[in-house]
């Protein structure tokens, strides 16, 4: 899947978050959106997800040179972000089954295997609201990375993760994100060090 932005700009009220951004995100490549806290990295990621409209310029999402309609973009993209919550009243297995009804998981992955990879076998029947913040983040990463979509968007993906969780994050990227477009929004190189290209949001402030 290819995502193209042309002279793109986004503002809130009179304040421009970014302007005159022309960039092409190619299929199967990895990208990092970098910049200080509050600079607009998450806003750009939401634009790339199709969930936020531009105020100027244009965006195009295409598969095999066939342009997607705005209504269909979400079918091809998954996202993990601190501001997106899981359904905490569900148990882990209930949530994974629920999520897979909207976005099927990779064909090589079963729900049971996901639980094992996350190391959450002993808490599978607990409601997610009783999980620690780090456990919840593992679940967020799983629903994003294991979804069978060509584009994976990750906003500060190691939020609340300890050293073992960060190691798991890199394992998931290495084993399950090859040949997919991965875009990471972060100011921590631990999260985006694997990315081949970097976009500094501060370069598009004028």
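Against the list (1) over 20 Å from the mean Cα position of the chain (by Cα); (2) farther than 24 Å from residue 134 by Cβ, the condition residue 5 fails is (1). Only one of (1) surrounded by 18 or more Cβ atoms within 10 Å (Cβ to Cβ); (2) farther than 20 Å from residue 160 by Cβ is not met by residue 80, so which one is it? Unmet condition: (2). Taken over region 91-130, the residue count meeting the criterion of being assigned to a loop (DSSP other than H, G, I, E, B) and either surrounded by fewer than 16 Cβ atoms within 10 Å (Cβ to Cβ) or touching a strand residue (DSSP E or B) at 6+ places or on another chain (Cβ under 7 Å) (or both) is 12. Examine region 8-30 for a residue that is closer than 19 Å to residue 154 by Cβ, surrounded by 16 or more Cβ atoms within 10 Å (Cβ to Cβ), in contact with a strand residue (DSSP E or B) (Cβ under 7 Å, 6 or more places away or on another chain) and at pLDDT below 95, and state whether such a residue exists. Checked against the condition, which is being closer than 19 Å to residue 154 by Cβ, surrounded by 16 or more Cβ atoms within 10 Å (Cβ to Cβ), in contact with a strand residue (DSSP E or B) (Cβ under 7 Å, 6 or more places away or on another chain) and at pLDDT below 95, region 8-30 yields no hits at all. The number of residues in region 6-20 that are at positive phi and free of Cβ contacts under 8 Å to residues at least 40 places away in the same chain comes to 1. Quick one: is residue 182 in contact (Cβ under 8 Å) with a residue 12 or more places away in the chain, surrounded by 19 or more Cβ atoms within 10 Å (Cβ to Cβ) and in a loop (DSSP other than H, G, I, E, B)? Taking the combined requirement at face value, the residue does not satisfy it. Residue 197 falls short on exactly one of the conditions (1) surrounded by fewer than 20 Cβ atoms within 10 Å (Cβ to Cβ); (2) out of contact with any strand residue (DSSP E or B) (no Cβ under 8 Å at 6 or more places or on another chain); (3) under 30 Å from residue 21 (Cβ atoms), and that condition is (2). Residue 144 passes every criterion in (1) in contact (Cβ under 8 Å) with a residue 12 or more places away in the chain; (2) at negative phi; (3) touching a helix residue (DSSP H, G or I) at 6+ places or on another chain (Cβ under 8 Å) apart from (3).
Filter region 131-155 down to the residues that are part of a loop (DSSP other than H, G, I, E, B) and in contact with a strand residue (DSSP E or B) (Cβ under 7 Å, 6 or more places away or on another chain) and list them by number. Correct list: 146, 148, 149, 150.
The values are calculated or read from the model by the stated rules, or taken from the named source; none is laboratory data. What you see is a predicted model, and the numbers here were worked out from it, not measured in a lab. Here Cβ is always computed from backbone atoms with ideal geometry, including for glycine, and neighbour counts include all displayed protein chains.
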